[in-house]
Amino acid sequence: MSSVLGSGDIHQFTGVKKVELFKKIWSRKDQILLFTGILSTILYILQTSLLPMYSKLADIVGRPEAYSLSILLYLISFAIMATANNYEALVGGKIIYALGYSGISILGHILIGDMTNVVNRGIYQSLYSLPYLINLFIASTVADEFLKRGQWRWAYGLNCILLVVTGAPLIIGLWHVQWKLKHSGLLETLVREQEEQPKTTFWERCRWLIIEIDLIGSILLVAGLCLILLPLVLAIPRWGGWSSGLTIGTLLGGVLCWILFVYWEWKVALKPIIPLAKWESRTPIYGVLVVSIISLTASANWQYLSTYLQISRGVDAKTAIFLECGYNVAYILMEVIVGLMMARFKIWRLFVWSGIAIILVGFGIMIPARLPESSNAFVVISQAVVGFGNGMLFTPVLVAVQSSVPHDDLAIVTALFQVGGSIAISIGSTIAGALWNSMLPQKLAEYVPGDYSYLDIIGSIDYVLALPEEQYRGVVKAYGEVQKTISIIALGITVLCFFFAAPMQSFGLDENSPKIMSQDDSNALNVSRDISKA
């Protein structure tokens with residue numbers, strides 16, 4: 001029986017009492033680690049909340065301006081972190097990084113949607129992920145070398161150099177096209193129309209801007225995101241569990257903000273940030289739900305996999321990460337293959353249905369693959385199968401979502417697509433954390449004989465590996481049982497994808513196929529053809 005669990009079970013203390021005890025034992029290092037965890041949570045929420053804002057900014061001021069701002073913030077953040085002389089400066093760099101990263105992550109998909117037609121959009125959206133394969137195998141190795149040589153600053157500084165080199169062609173290209181448009185004479189009519197408008201006062205311009213960016217809707221959306229995401233991430237580790245007043249109050253506040261947001265967007269807003277009412281198709285909503293379910297199950301299933309592999313296989317962190325890479329490699333390669341096949345055969349729905357089916361098979365294989373006695377090869381194969389399925393459906397769903405709305409809504413529907421996935425990831429992590437915290441103590445008590453420290457088992461892999469053989473086998477079996485349960489639940493939840501994919505509007509990937517296109521879209525296409533001839 002555990003020396004920690006028992007009549008004085010720490011899990012029976014209230015959240016407040018636990019914090020009081022923590023204060024008696026934590027060191028300066030512990031406080032920094034806790035603050036770092038909270039900072040990571042805040043940065044994640046900030047990045048998610050900024051996605052709709054960047055999409056709206058790109059619509060108002062233009063793609064080159066928005067992307068240039070994102071790149072600039074990204075460069076500044078790494079420069080600050082590379083030259084930081086204290087922890088406060090490093091935190092400041094991290095915050096600026098979140099501001100830049102949000103823009104880069106959303107504007108890439110928006111630009112591809114702008115510059116491609118429905119036929120080849122899948123190819124370019126899939127190629128957008130391909131460079132990640134380089135990071136997957138090289139980034140950690142390069143960072144380790146910098147750390148070994150005591151040159152950790154270069155781990156940040158190198159990103160500045162790489163970003164300038166790789167980002168320059170895109171930035172130059174965007175501004176060159178904008179320069180051509182300005183000197184082509186195609187904007188003269190628009191300029192004359194603006195000059196003919198009556199002069200407005202400062203307050204009238206402020207009112208126009210508030211309406212144009214849907215300030216009230218934006219505030220309600222961001223507030224709802226923050227109030228929902230905070231408890232999903234902090235409820236168990238920081239706020240005393242799901243029954244604490246802070247957790248319940250924050251969740252209720254988030255739900256209320258979203259109810260008000262829906263009412264505002266539907267009934268009041270003149271320029272709604274998410275114009276659902278004017279979308280003739282509900283394909284974007286169903287597409288977001290499909291990808292959200294996939295993101296939720298993947299997040300839940302991978303939350304503790306690295307720790308489990310290190311304990312059950314006795315490998316180091318780097319090897320555990322490589323064992324997980326089967327998913328990423330299969331996902332990216334299948335994205336590219338499916339993008340090419342979409343352009344060749346002009347279809348997308350078949351890949352969505354096939355992807356869901358393959359994911360279900362993969363999660364089914366994953367149940368025995370996650371058991372301690374399974375081989376490393378079996379682990380990699382099960383990961384790869386799920387990766388093939390996810391890679392098969394992600395790009396077709398994104399193309400369907402972007403192609404089912406007018407072009408002037410492409411940016412915001414792309415943001416909605418990413419926000420849905422981000423929220424789902426948080427929910428999946430929460431589900432995994434709840435299962436882990438509720439099941440693992442019971443399974444350890446059932447399988448591990450003798451005295452042991454529960455806190456050391458969950459907090460130190462070295463402690464687990466140093467346990468006597470019988471206790472170590474019990475810990476591995478307990479971890480394996482929890483992993484198996486999470487995989488079974490993920491399998492069940494993934495079935496919902498079929499119900500969300502079924503109502504998605506079918507259309508062929510052909511420029512002449514009937515799909516949503518406004519008069520503005522037709523004008524935009526004509527302008528783009530004229531610029532290309534200029």
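The values are calculated or read from the model by the stated rules, or taken from the named source; none is laboratory data. Please read all numbers here as calculations on a predicted model, not as lab measurements. Note: ideal-geometry Cβ built from the backbone for every residue, glycine included; neighbour counts use all protein chains shown. We work out accessible area using only protein heavy atoms, side chains counted, and drop any ligands, DNA or RNA first. Shrake-Rupley method; radii C 1.70, N 1.55, O 1.52, S 1.80 Å.
Taking the average, over residues, of other Cβ atoms within 10 Å as the packing measure, peptides 205-214, 444-453, 96-105 rank 96-105, 444-453, 205-214 from highest down. Between LEU455 and LEU270, the modelled label-to-label distance comes to 5.9 nm, taking each label 7 Å out from Cα in the direction of the beta carbon.
The slack between GLU470 and GLU212, meaning 0.36 nm per residue of separation minus the straight C-alpha distance, is 86.3 nm.
Rolling a 1.4 angstrom probe over the protein heavy atoms with all chains in place gives the stretch 368-411 an accessible area of 25 Å² per residue.
Among rounded, prolate and oblate, which fits the stretch 248-372 when a ≥ b ≥ c are the square roots of the eigenvalues of its C-alpha gyration tensor, a/c under 1.5 means rounded, and a/b larger than b/c means prolate? Walk me through the numbers on the way to the answer.
Numbers: a/c = 3.01, a/b = 1.46, b/c = 2.06.
Oblate, since a/c reaches 1.5 and b/c is not below a/b.
In this label model, LEU340 and ASP144 are separated by 3.2 nm, measuring between points 7 Å along each Cα→Cβ vector. Overall shape: prolate for the stretch 304-362, with the ratio a/c of the largest to smallest alpha carbon gyration tensor axis at 1.5 or above and a/b above b/c.
Between SER70, GLY103, ILE138, the Cα set farthest toward the positive side of the dipole of the stretch 56-188 (charges on each charged residue's Cβ, about the Cα centre) is that of ILE138. Over all Cα atoms in the stretch 389-434, the spread is summed up by Rg and Dmax: 13.1, 41 Å.
Among the listed pairs LYS94/LYS182; LYS94/LYS180; LYS56/LYS94; LYS56/LYS180; LYS56/LYS278; LYS318/LYS477, those with a Cα-Cα distance over 27 Å are LYS94/LYS182; LYS94/LYS180.
Packing order of peptides 397-410, 70-83, 478-491, 269-282, highest average first: 397-410, 478-491, 70-83, 269-282 (average count of other Cβ atoms within 10 Å over each peptide's residues).
Were the residues from LEU163 through ALA357 laid out at 0.36 nm apart, the gain over their Cα-Cα distance would be 66.0 nm.
Taking all protein chains as present, what is the carbon and sulfur share of the accessible area of the stretch 208-311, in % to the nearest whole number, probe 1.4 Å? It would help to have the intermediate numbers written out before the result.
Numbers: 3480 of 4740 Å².
Of all accessible area on the stretch 208-311, carbon and sulfur atoms account for 73 percent.
If R0 is taken as 22 Å, the Cβ-Cβ distance between ALA434 and VAL315 corresponds to a FRET efficiency of 0.20. Counting only Cβ charges, +1 for Lys and Arg and -1 for Asp and Glu, the dipole size of the stretch 192-332 around its Cα centre is about 240 debye.
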